[in-house]
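Take a look at the structure below.
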Amino acid sequence: MNLGPLELIVILVVALLIFGPKNLPKLGKSLGQTVKNVREGMETDDDEPKQVTAQATATEVVADSDADAEAEGAVVFCSKCGAKNPADSAFCSKCGAKLSAEE
């Protein structure tokens with residue numbers, strides 16, 4: 001695709017008119033995430049069985065730590081995903097978000 005600078009400017013102006021200046025960054029972000037997900041999906045098709053096994057093992061470990069924390073009564077919930085975490089955890093075991101001391 002041989003697009004020159006004039007063609008790119010015309011495409012950008014048309015996109016700006018259609019979507020507006022407030023929605024254009026959101027559109028670009030979602031388009032970038034879609035391209036990233038497609039590339040990752042194409043690369044991981046061969047490695048999928050290995051990843052499923054690793055995820056199953058990680059899920060079992062998290063489930064055991066949740067059961068221990070519930071038994072002790074020291075549970076902290078993540079404000080992002082709502083997952084249960086031991087009270088002494090600094091980061092969420094599910095999404096990796098930092099847990100604040102207030103929770």
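The values are calculated or read from the model by the stated rules, or taken from the named source; none is laboratory data. These numbers were taken from a predicted model, which means no experiment stands behind them. Glycine also receives a Cβ, built like all others from the backbone with ideal geometry; neighbour counts cover every protein chain displayed.
For segment 29-47, residues that are under 18 Å from the mean Cα position of the chain (by Cα) and at pLDDT below 85 total 2.
Against the condition surrounded by 10 or more Cβ atoms within 10 Å (Cβ to Cβ), at pLDDT 80 or above and at negative phi, how does LYS22 come out, does it pass? Before the answer, list the steps.
Numbers: surrounded by 10 or more Cβ atoms within 10 Å (Cβ to Cβ): no; at pLDDT 80 or above: yes; at negative phi: yes.
So LYS22 fails the test.
Assess whether LYS50 counts as being under 20 Å from CYS95 (Cβ atoms) and either over 18 Å from the mean Cα position of the chain (by Cα) or at pLDDT 60 or above (or both). Considered against the rule, which asks whether it is under 20 Å from CYS95 (Cβ atoms) and either over 18 Å from the mean Cα position of the chain (by Cα) or at pLDDT 60 or above (or both), LYS50 comes out as no.
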